[in-house]
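Asks: Sharing a structure with you now.
The values are calculated or read from the model by the stated rules, or taken from the named source; none is laboratory data. Predicted, not measured: the structure shown is a model, and the values here were computed from it. When we count neighbours, we look across all protein chains shown, and the Cβ atoms used for this are built from the backbone with ideal geometry, even at glycine. Side chains included, ligands, DNA and RNA excluded: accessible areas come from the protein's heavy atoms. Shrake-Rupley method; radii C 1.70, N 1.55, O 1.52, S 1.80 Å.
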Amino acid sequence: MNLTNLETILKKEPSFRLKQAKEAIFKQLINDWSQALNLPEKLRKVLNKNCSLVIEAQILESHDKKSVKAAIKLTDGLKIETVLLRHGNRNTVCVSSQVGCPLGCLFCATGQGGFKRDLASEEIMEQVIFFSRYLKPLGEKVDNLVFMGMGEPFLNYENVMAAIKLLNSEETFNIGARHISISTIGIIPGIKKLGDEKLQLNLAISLHAPDNEIRSKIIPINDKYSIKNLIDAANDYLKKTKRQLMFEYIMLEHFNDSKIQAAELADLLKHLPKHLYMVNLIQYNTTKGFRPSATMAIKKFQQVLVQNGIKTTIRLRLGREVKGACGQLVGDLEK
Ligand code: SAH
Ligand code: SF4
């Protein structure tokens, strides 16, 4: 898909044409301009030549079709992965914000695969358009977005926000900010900027460890944005926005999953307003180097947090069958 020339081409046309074109893209979800019957034939041809709507992608569906992974080929040939999770009554798309990720977290397949480039806002939109087209024949639509695919959204802040503002608008998918979550490894300037945005977006911070020593072993960027500063930034964010915040914590066996570490984590969070945050314990999807914690260890860890008055949930392993679970996205279905 390539819409970079759309506005330039339509500038020469009456002003309502742009509105019609957007309706065709986002509401009718056409994949070829010849289907845009409200546009004159000549214009359809020009658009097909210059603004392709074709999204080249390979998909992989789980048996129950509740998890679908797509590898989308970008115009420069690079590939990104995006995942549709159809659970409960909701269709959630897990979107990528970069091709790869420069931060190299040890437990994350994306991070281990290196970094290519940021995604343009249009390429972020494209992922949602793709799954909207997929769901259309089923009479369903995309209701929720999580920026938990490939990449670190706050290292591509401007394009991510531009895409969110578009996805949020009635002209496109009208996805409410409350249905959009951004997950960050803890890029403090990004947390600050998000706190100043008017949108009621949800924020998740990937904490994964109760102290700097352990965190730096798995998250290299912790040397720059250390735990104390991160928790302070989270506190400022909560006080300023009064929005809900989620701390994500991957459970790695004999590494960060002991009851003592749970108590340390509770201590770390004790000054934050309890009604505004929760901890989400994540079952680790094995990539390499670590083993997932035993279910019993996860439950005991949860117990300690709950005893300290901290709302704590355990994240199911959604999307594993298609290797579309968090941290398993590498950009190519064949790998
Ligand atoms: N860069 C952002 C967003 C992408 S990762 C971030 O790190 O938050 C989205 C979530 O998947 C994060 O919580 C991340 O820590 C988690 N994740 C990464 N690798 C994982 C793995 N192997 N198993 C389970 N979760 C993983
Ligand atoms: Fe990047 Fe997030 Fe993976 Fe770390 S966990 S390498 S920040 S995508």
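Asks: Within the set of pairs 6 or more residues apart or between chains, which connect a residue that is of a type in the set (A, V, I, L, M) inside segment 141-157 to a residue that is near ligand 2 (Cβ under 8 Å from one of its atoms) and assigned to a helix (DSSP H, G or I) with Cβ atoms less than 6 Å apart?
Replies: Met150/Thr110
Asks: Mind checking whether some residue in segment 83-99 is at pLDDT 95 or above, within 16 Å of ligand 2 (Cβ to nearest atom), of a type in the set (Gly, Ala, Ser) and within 23 Å of Arg315 (Cβ to Cβ)?
Replies: yes
Asks: Could you run through segment 7-22 and say how many residues are surrounded by 15 or more Cβ atoms within 10 Å (Cβ to Cβ) and outside any loop (DSSP other than H, G, I, E, B)? Explain how you work it out, then say what you get.
Replies: Narrowing segment 7-22 to residues surrounded by 15 or more Cβ atoms within 10 Å (Cβ to Cβ): 9-10, 13, 17-18, 20-22.
The next check asks that each one be outside any loop (DSSP other than H, G, I, E, B); those that pass are 9-10, 17-18, 20-22.
Of the residues in that region, 7 qualify.
Asks: Name the strands (runs of 3 or more DSSP E) wholly inside segment 46-112 in which the number of residues that are outside the structural domain of Leu3 (by TED's automatic domain parsing) and within 29 Å of Ser34 (Cβ to Cβ) is 1 or more.
Replies: Per the criteria, 57-61, 67-73, 79-87, 90-94.
Asks: Filter segment 72-109 for residues that are surrounded by fewer than 22 Cβ atoms within 10 Å (Cβ to Cβ) and small (Gly, Ala, Ser); which is farthest from the chain's Cα centre (by Cα)?
Replies: Applying the filter and picking the extreme gives Gly77.
Asks: With Leu281, Leu269 as the choices, which residue is in contact with a Ser or Thr (Cβ under 7 Å, 6 or more places away or on another chain) and crowded, with 19+ Cβ neighbours inside 10 Å?
Replies: The unique qualifying residue is Leu281.
Asks: Given the conditions (1) away from ligand 1 (no atom under 15 Å from the Cβ); (2) under 16 Å from Phe147 (Cα atoms); (3) surrounded by 15 or more Cβ atoms within 10 Å (Cβ to Cβ), report the number of the one that Arg178 does not fulfil.
Replies: So the condition that Arg178 fails would be (3).
Asks: Can you tell me which of Asn212, Asn202, Asn235 is in contact with a strand residue (DSSP E or B) (Cβ under 6 Å, 6 or more places away or on another chain) and open to solvent by 20 Å² or more (accessible area, probe 1.4 Å)?
Replies: Asn202
Asks: Of all residues in segment 23-45, how many are open to solvent by less than 60 Å² (accessible area, probe 1.4 Å) and in a helix (DSSP H, G or I)? Before the answer, list the steps.
Replies: Filtering segment 23-45 for residues open to solvent by less than 60 Å² (accessible area, probe 1.4 Å) gives 24-26, 29-30, 32-33, 36, 38-40, 43-44.
Remaining after also requiring in a helix (DSSP H, G or I): 24-26, 33, 43-44.
So the answer is 6.
Asks: To continue, here is another question. Regarding segment 151-161, can at least one residue be identified that is in a helix (DSSP H, G or I), of a type in the set (Phe, Trp, Tyr), open to solvent by less than 30 Å² (accessible area, probe 1.4 Å) and in contact with a Gly (Cβ under 8 Å, 6 or more places away or on another chain)? Explain how you work it out, then say what you get.
Replies: Of segment 151-161, the ones in a helix (DSSP H, G or I) are 153-161.
Cutting the leftovers down to of a type in the set (Phe, Trp, Tyr) gives us 154, 157.
So of that shortlist, the ones also open to solvent by less than 30 Å² (accessible area, probe 1.4 Å) come out as 154, 157.
Then drop every residue that is not in contact with a Gly (Cβ under 8 Å, 6 or more places away or on another chain), which leaves 154, 157.
There is at least one residue in segment 151-161 that is in a helix (DSSP H, G or I), of a type in the set (Phe, Trp, Tyr), open to solvent by less than 30 Å² (accessible area, probe 1.4 Å) and in contact with a Gly (Cβ under 8 Å, 6 or more places away or on another chain).
Asks: Can we say Leu194 is out of contact with any Cys (no Cβ under 9 Å at 6 or more places or on another chain), in contact (Cβ under 8 Å) with a residue 40 or more places away in the chain, crowded, with 20+ Cβ neighbours inside 10 Å and of a type in the set (A, V, I, L, M)?
Replies: In short, yes.
Asks: Being of a type in the set (A, V, I, L, M, F, W, C), open to solvent by 30 Å² or more (accessible area, probe 1.4 Å), within 16 Å of ligand 1 (Cβ to nearest atom) and part of a strand (DSSP E or B) is the requirement here; does Met251 meet it?
Replies: no
Asks: Does Glu170 fit the bill of being acidic (Asp, Glu), away from ligand 1 (no atom under 14 Å from the Cβ) and open to solvent by 40 Å² or more (accessible area, probe 1.4 Å)?
Replies: Yes, satisfied.
Asks: In this structure, is Ile185 within 15 Å of ligand 1 (Cβ to nearest atom), at pLDDT 95 or above and either under 14 Å from Ala234 (Cβ atoms) or surrounded by fewer than 15 Cβ atoms within 10 Å (Cβ to Cβ) (or both)?
Replies: It is true that Ile185 is within 15 Å of ligand 1 (Cβ to nearest atom), at pLDDT 95 or above and either under 14 Å from Ala234 (Cβ atoms) or surrounded by fewer than 15 Cβ atoms within 10 Å (Cβ to Cβ) (or both).
Asks: Could you check segment 290-335 and list, in sequence order, the residues that are at pLDDT below 65, within 15 Å of ligand 1 (Cβ to nearest atom) and exposed (fewer than 13 other Cβ atoms within 10 Å of the Cβ)?
Replies: Lys335
Asks: Give all pairs with beta carbons closer than 7 Å in which a residue from segment 204-226 that is on the phi > 0 side of the Ramachandran plot and at pLDDT 95 or above meets a residue that is in a helix (DSSP H, G or I) and crowded, with 20+ Cβ neighbours inside 10 Å; count only pairs at least 6 apart in sequence or on separate chains.
Replies: From residues that are on the phi > 0 side of the Ramachandran plot and at pLDDT 95 or above, the pairs are His208/Arg215; His208/Ile218.
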